[in-house]
Structure formats: structure tokens, C-alpha cells
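S.K.: Mind having a look at this structure? Questions to follow.
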Amino acid sequence: MTRPSRKSPHRLLVILAATAAALGLVLVPAYAQASPNGGGPGPSHGSGNGGGDHKPPTGGSLGPNVLMFTPDMPTATIQSTLDTIAAQQVPNQFGTQRYEILFAPGTYGTAAEPLKITVGYYTSIAGLGQNPKQVVINGTIDAFNQCENGDQTNCTALVNFWRSVSNLTINVGGLTGCFAGNDMWAVSQAAPMRRVNVNGGVTLMDFCDGSPDFASGGFIADSSFSGGTIINGSQQQFIVRNSNVDGWSNGVWNQVFCGDPGAPAQAFGDPAGAGPYTTLDTCPVTEEEPYLYQDSAGRMRVFVPSVQHDSSGPTWQNGNTPGSSLPLSSFYVVKASSTVDEINEALKDGDNLLFTPGVYSVPKTIEVTRPDTKIIGLGFATLVPQHGNVTMNVQDVKGVNLSGLIFDAGAKRSPVLLNIGKPGGNGGRANDPVTVDDVFFRIGGATAGTAGTAFVDNSDFSIMDDIWAWRADHGAGAGTFAGDVADTGVVVNGDHVSALGLFVEHFEKTETIWNGQDGSVLFFQNENPYEVTDQAAWSVSPTQKGFPAFLVNKNVRTFQGFGLGSYSFFNQGVDIHNSMAFEVPERPGVQLHDLLTVFLNGSGGIDSVVNGTGAAVNSANGGPADVVSFP
């Protein structure tokens, strides 16, 4: 594993240090709890490559790109530091810089001096309380529109990816004009909001600059909103789960709610136009993402929430979230100098992994061999295979939690970027499932790349919670069908697998393949590949044009899907068609609810929603074409 890019972060740290010095403050990077041996080499265990004689140490510094603020720091100093990071990160869509911004328990900002945090690319904002009420931000935490090439009349949130906010309270105040009274979270995919307690208004679109204000998000979980309606506005699709919702303004195409007191009533396909709402009173099975926090002695720990069944509302609404706590000394902290051999040795020795912010080259597979291993990425840590290898393989074991990472494809074709379990394995457990939370996959964009499939999940009872698999439609390698080659985004072979918030876009063949029994998907969003130029080459068969966005295998006996959408934008001026967006076996146990297609622009279109059922969408009928239930 080679070093992440460090040139630009060093320049930023010089700026931060100068800013802090001018204000009389020394910034201190965050530290993990020291290992029992003080962070030095541990007992002899042998290295992963057979040539060493020590166990990789756990704990220690989390590195220069993890910054922790404390309540005694002046608001002006915190504001200046965050503004400096935002100035670099807001336009930095495909850069290598990454940041984790942590707030120790306490209160920040005042009504007279609110803290106004702008969140750019690859920036995670998180509180370190055991529940969100222990860190209070008086002010706002915002993501605003991006303006294309400096054109102030062409600003949208359509590319506001790879940023997050979690585990804190926002007492909304500080923005003026048309923003007044709202927190602005105008985002699209890969921008989760988790464990946030908001007092005041929230808008999910930026409506203040006179632009089209398009947005294509998004994901909210385990949160609570009071004192103001959430403005959905132009958000084309959104999933909210296990959250208290104090009003929701509207919907565009696909809005899914699961276990959300106060959510709009079920109304998908309602001819009266109440809204495209899919609403379930409870979420069948969930497990919240692990998170960092400080205990009463100020030591950093990781909290691992428990699995929930038939849940509604936030996990912390009646006290602290149920679950278990781990010391940072149980984690091998992956840094710029770490090697895959060291990582694999730590995993064999029973350590968990904590990836510090950075972009890591991975020359051979990271092997997760032990049950209940926790793997956490800070600041959207990004892994890139170098030799056509699988980036990470989780063996057929229970209870692994994987969160907060980006898997990029490398220049040499990898068969899979992330593999979990083995086909026909029996390592999955309903009471201790494998979970994959806020994990994102890219074929191209930041760097040209290729893969067969982004993510393969073979683990029974596993939970996917906010997944975006993206074959890039812009950036490095994008723009032609021969660029950034990848067949499929997600393949599910495990039984009883649950997906909550599944985004899979632009892959060149069948984009999502579901082979497991008794699976469920709550919310699916897809766009067909843009650059198709040859209908004959892009077809399942002479009688079936194109490839389905979501295929349930013909051998599957039971499956449930809720709130499923697929859109087309064939942009090469060729009359390209997709015969059906969804393809499923027609039997009573396979049931789809509230599914749709949309023609975004371009040529051709999607000829049916599912198995030949549902209206065509094309230049004459943009849609949405709705199917309320199938069969």
C-alpha cells in the first residue's frame, strides 16, 4: 500500500497553522486511545509477508487530516479553520484531499455568533457524543449548489456527492435572506445525514440563486427534525428511515419513508397528486452504522449499535443507542505508511481497522478473516486496486461491519472491488449480520478504471445501508461506452439480504442482479448508461433490447421491493431503447411495490417498467410511468 497524496494537505495545514497562530490557538490533531504498550511495536507475531517479527501496533494518532474541536476554542478560530477547508474542498470533486472534522461534546456557536459550516467534497462532520444531543451546533451545517465552470446561472446540487454529517444537534440559525431559518443540505448520492437532531427548518435543495436547483439525493437515517418542515423541493428521489419528521413539503418522482413518525402517508400513484410517497410504518431490519465517540474520561471509542427489527424512530430517542462499545486500542489505524501485509497481519491477529483520510493504492487483496471485525473509514478514505486484484474480500464470517469507504476501480480490470462471503456459504447470522453502511463504488471519475462487478454480497442476512455504485458519467475515463468498462454494479447471492437505499447507475449490462431468496430492497435508484451507440450490441437478445436495471433471477421464489426507479438519458443521438427497467419472475412470492421509469432527455427511451408492464417513456412521454404493484 503506497502513500496517499499529501502535497495539497500539507499546503492546507500550513494555512490552518497560520490562521490558528494569528488567533493565538494551537490546533491539536485527534488521537486514538494509546495501545497498552504505548503505541510501539507489540509482541512478536510474524508479519503478513512472512518476513517480519512484530504485530502491527494499534491506537495512536489519527493523522493530520482528522481535526478535533473542543468547546473552549473561540468560535472565530473554528470558523476560520472550517472556512479554509471548505474553500479547498467545495470545488474539489475528484481531488485526493480528505478530512474528518470532529466536535468533542459541548456547545459551539451562539445566537449572536453562529457557527456556519460549509461541507465540501470528502469532508465528514461528526459529533463525538454517545448520542446527538451531547454536541450542539448553534448555526448551520450546509451544502450549497455547485456552479458549472463559474456560471452563476447553471448551479445545481446534482454532483454534490461524498460528504456527510452525523451525530450532533443543529439549532438552526445564522443564514440570512431566502436561506433564513433553514439548514441547507442540497446533496445528491453518497452524502448521508445520520444521527442528526435538527431544531429548525431544513431544505434539501438550494433555491436561492435563481438556477434550476436540481438535486438527485439522498439518504437520511436515525435523525430527528422539529420546528420546521423539511423542504424536499427538487429532490428527484430520497429515502428517509428511522427518523422523526416534522413535515415534508413535496415529492418529485420517488420518496421512500421507513419507520418515520410524521412522514407523509402512503400515496404512490395517487391520481389526486398527494405525492410519490412510499411509506412503511416500520423498518423490517436495520443496524445503525458504528461511530466514534468520547467516553466520560475523554477516551475515544467506537460504538457498535445493535440490530433492530420492526423499528420506528431514532435509536437514541429514549436514551443512548443500544449496542456495544470498543476501545480504539482494538483498532489498527491505517495510515499513509501502512502496507497490505501489515493490514492483513492485524486482521489475522483479531484487530479491527480504522482507515485515516487518504487515497490508498492497494496492490493485493485485503483479507478479512475473522468474525465481528469492524472496518471504518474516516473522511471517505478511498481504496484503489493496482494489479487487477479484488480490493477487499470478507470471508464467510458473521458480524463484520464495513462503513465509510470509497472503492475506486484501478486501471487494470478487477473481477470485483468488494466481495463479501462465498456463494452457498453459511457464515451469515440474523442476530449478528454483516453490514455495509455508506460504502460507495466508482468506476472512473477520479481516475479511469475498469471492473467486472463493483460489489458482490454472498452473506446471508446481510444489511446494505446507503450504497452507491457509480460508473462515471463525467470525469476521468467517462464519455464513451468504451471508457470505464464495467458490466454490473451489485450482485446479491445471499439469502435474506436487506438493502435500504440502493443506488446503482450507468453500468453497461444488467446493473443489479439479485439471486438470493427472501431478499428486500427499500428504495432503488438507477440511470441507464448514457453513451450507448449500438442497439444490437446493447441487448440481452434479439427480442429484448437493452439490459434491465434490476434483475431478480428466475429461480428466486420470494422477494420484496419498495420504491424502485430507473431513468434513461441516451445522449449519443441514436434511437436506443431498453425493453424493461425491471425483470422479475412472475410468481406470488416476488412482489414489487411503487416502481417507475422516467425519460430524462436525449433519444430512445425505456419501453416498459417491468416485464412489459407499464407505459413507455420517451421524448413524447417523459413520465414518470408508474406501476403501483406487480404482479
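The values are calculated or read from the model by the stated rules, or taken from the named source; none is laboratory data. As the structure is a prediction and not an experimental result, all values here were calculated from the model. Don't worry about glycine lacking a Cβ; one is built from the backbone with ideal geometry, like all the others, and counts go over all protein chains shown. Calculation scope for accessible area: heavy atoms of the full protein, side chains included, ligands and nucleic acids excluded. Shrake-Rupley method; radii C 1.70, N 1.55, O 1.52, S 1.80 Å.
S.K.: Rg and Dmax of region 70-182, using alpha carbons, in Å: what are they?
M.R.: Both quantities, over Cα of region 70-182: 14.3, 43 Å.
S.K.: Hey, another quick one. If you roll a 1.4 angstrom probe over the protein chains with everything in place, what fraction of the accessible area of region 269-397 belongs to carbon and sulfur, to the nearest %?
M.R.: 45
S.K.: Still on this structure, please answer the following. Taking each pair of different alpha-carbon atoms in the chain once, compute 1/r for the pair, average those values, and report the inverse of that mean as the Kirkwood hydrodynamic radius in Å to one decimal. Display every interim value, and only then the final one.
M.R.: On the way: mean 1/r = 0.0408 Å⁻¹.
Taking every pair of different Cα atoms in the chain, averaging 1/r and inverting gives 24.5 Å.
S.K.: What is the Cα convex hull volume of region 102-143 when expressed per residue in Å³?
M.R.: So the per-residue hull volume is 65 Å³.
S.K.: With every protein chain present, what is the per residue accessible area of region 178-238 (1.4 Å probe, Å²)?
M.R.: Dividing the accessible area of region 178-238 by its residue count gives 20 Å².
S.K.: Taking a probe of 1.4 Å, how large is the accessible area per residue of region 55-143, in Å²? Intermediate values should be presented prior to the final figure.
M.R.: Values: 2460 Å² over 89 residues.
Computed with neighbouring chains in place, this is 28 Å² per residue.
S.K.: With every protein chain present, what is the per residue accessible area of region 427-541 (1.4 Å probe, Å²)?
M.R.: I get 22 Å² per residue for region 427-541.
S.K.: Can you give the relative contact order of the chain as a percent, counting alpha carbon pairs under 8 Å and 6+ residues apart?
M.R.: 8
S.K.: While we're here: Determine the share of region 491-631's accessible area contributed by carbon and sulfur atoms, expressed in whole percent, with a 1.4 angstrom probe.
M.R.: Exposed carbon and sulfur together represent 48 percent of the surface.
S.K.: Provide His506, His474 ordered by accessible surface of protein heavy atoms (probe 1.4 Å), highest first.
M.R.: Values: His506 0, His474 50 Å².
Final ranking, largest accessible area leading: His474, His506.
S.K.: Considering only C-alpha atoms, what is the centroid distance from region 107-150 to region 192-270, in Å?
M.R.: Cα centres, region 107-150 to region 192-270: 18 Å.
S.K.: Can you give me the three principal axis dimensions of region 362-464 from its C-alpha atoms, in Å, biggest first?
M.R.: On the principal axes, region 362-464 reaches 40, 29, 19 Å in Cα extent.
S.K.: Let me ask something additional. How many percent of the alpha carbon pairs in region 168-314 exceed a separation of 21 Å?
M.R.: The proportion of pairs with Cα distances above 21 Å equals 47 percent.
S.K.: So, one more: Just the C-alpha atoms of region 386-427: what Rg/Rh do they give, with Rh taken as the Kirkwood radius?
M.R.: On the way: Rg = 11.8 Å, Rh = 11.5 Å.
On the Cα set of region 386-427, Rg over Rh gives 1.02.
S.K.: With a 1.4 Å probe and every protein chain kept in, tell me what percent of the accessible surface of region 104-196 is carbon plus sulfur.
M.R.: 50
S.K.: Distance in nm between label sites at Ala272 and Thr110, each 7 Å beyond Cα in the beta-carbon direction?
M.R.: 5.0
S.K.: Let me ask something else about it. Measuring from the lowest to the highest alpha carbon on each principal axis, how far does region 435-510 reach, largest first, in angstroms?
M.R.: 37, 20, 14
S.K.: Ok, one more. Tally the DSSP beta bridges in the chain and give the antiparallel ones as a percent, rounded to 5.
M.R.: Expressed as a percentage, antiparallel bridges in the chain total about 15.
S.K.: I've got another one for you. So for His577, His496, what's the accessible-area order with a 1.4 Å probe, most first?
M.R.: Largest to smallest exposure gives the sequence His496, His577.
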